[in-house]
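Quick notes on the structure that follows.
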Amino acid sequence: DIVLTQSPALAVSLGQRATISCRASQSVSISKYNLMHWYQQKPGQQPKFLIYRASNLASGIPARFSGSGSGTDFTLTINPVQADDIATYYCQQSGESLTFGPGTKLELK
Amino acid sequence: EVQLVESGGGLVQPGRSMKLSCAASGFTFSNYGMAWVRQAPTKGLEWVATISYDGSSTYYRDSVKGRFTISRDNAKSTLYLQMNTLRSEDTATYYCTRSPTTPGEYFDYWGQGVMVTVSS
């Protein structure tokens, strides 16, 4: 299985930019598609779909969220960070089977 | 509004069986693949199984192959997960999810989850 690596936590100030990284153990880019997706989960809630195929915003997601990357390195950016964005963020790949990263907990500095 | 409502969880002894259900509404259920994703207490997310829109194709993670069966009833807009020979490591919150592409790249809607505890 492809293993995804994320930093356990990231501290950020409100109004600043947050950059959350996800690295895959092998490329998840196939043809023209970058098969990396992102979710947000708040405590006690189900995950929420944010971004698909690395850079496409899901329906209803604010434009302060964006995604980028290809191959093995991907990034979720939140700019500017709002209080409601404090949560854990998971990347998920679909290049080979389906696996999730361990999550990055976004905290206030 | 898309809604996915899971039911059927609870406490079960190791080696026994349990069946989860997920009632879907707010979209044409028969047009979408569906999947189960689980999350052990204080742990991350783990894909369990996916079923195609018409039920003709199913996919499982290795650790549940031969023990779990995903199925659907499009007439009832309901997704199922039959879990047999349960193990302690199957203890988790199980989420019903919609998987809009074929064979299921990602999960765009999630239910609130149902807890399954495998313990004697």
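The values are calculated or read from the model by the stated rules, or taken from the named source; none is laboratory data. Not measured: the values here are computed from a predicted model. A quick note on method: Cβ atoms are made from the backbone with ideal geometry, for glycine too, and the neighbour counts reach across all protein chains shown. These area figures cover heavy atoms from the full protein model, side chains too; ligands, DNA and RNA do not enter into them. Shrake-Rupley method; radii C 1.70, N 1.55, O 1.52, S 1.80 Å.
For B:S7 and A:Q16, the FRET efficiency from 1/(1 + (r/R0)^6), where r spans their Cβ atoms and R0 equals 41 Å, is about 0.45.
Amide H contacts of A:I51 (H built 1.01 Å from N, in plane; Pro and chain starts excluded): A:W38, A:A58 sit under 5 Å, all sequence-distant by 5 or more or on other chains. Think of chain A as a dipole: +1 on every Lys or Arg Cβ, -1 on every Asp or Glu Cβ, centred on the Cα centre; then among A:A18, A:A63, A:Y89, A:A63 lies furthest on the positive end. Annotation for the A:B interface, with buried accessible surface near 1500 Å², both sides summed [1.4 Å probe; non-protein components not counted].
Let's test the formula: R0 of 35 Å, r as the Cβ-Cβ distance of B:A75 and A:S59. What FRET efficiency results, to the nearest 0.05?
Between B:A75 and A:S59 the formula returns 0.80.
Does the stretch A:63-107 come out rounded, prolate or oblate, given a ≥ b ≥ c as the square roots of the eigenvalues of its C-alpha gyration tensor, rounded meaning a/c under 1.5 and, failing that, prolate meaning a/b above b/c? Here the stretch A:63-107 falls in the oblate category. Distance between the modelled labels on B:E89 and A:S31, one decimal in nanometres: 3.5 nm (7 Å Cα→Cβ projection). Projecting label points 7 angstrom from Cα along Cα→Cβ for B:T28 and A:R23 puts them 4.5 nm apart. Derived scalar couplings between HN and Hα for the stretch A:2-16 equal 6, 9, 9, 10, 10, 5, x, 8, 9, 9, 9, 8, 4, x, 9 Hz in order, rounded to whole Hz, by the Karplus curve 6.51 cos²θ - 1.76 cosθ + 1.60 (θ = phi - 60°), x for Gly and Pro. Sorted into 10 angstrom bins from 0, the C-alpha pair distances of the protein assembly as shown split as 8, 33, 36, 19, 4, 0 percent.
Ignoring ligands, DNA and RNA, how do B:F107, B:F27 rank by accessible area with a 1.4 Å probe, largest first?
Reading off the accessible areas and sorting them downward yields B:F27, B:F107.
Normalised size of the stretch B:26-108, defined as Cα radius of gyration per 2.2 N^0.38 Å with N residues, equals 1.06. Surface composition of chain B: carbon and sulfur atoms hold 45% of the protein heavy-atom accessible area at a 1.4 Å probe.
Of A:K48/B:K76; B:K19/B:K76; A:K42/A:K105; A:K48/A:K109; B:K43/B:K65, which sit over 18 Å apart, Cα to Cα?
Violating the 18 Å Cα-Cα cut-off are A:K48/B:K76; A:K48/A:K109; B:K43/B:K65.
Counting Cβ atoms of other protein chains within 10 Å of each Cβ in B:37-47 and taking the mean gives 4.
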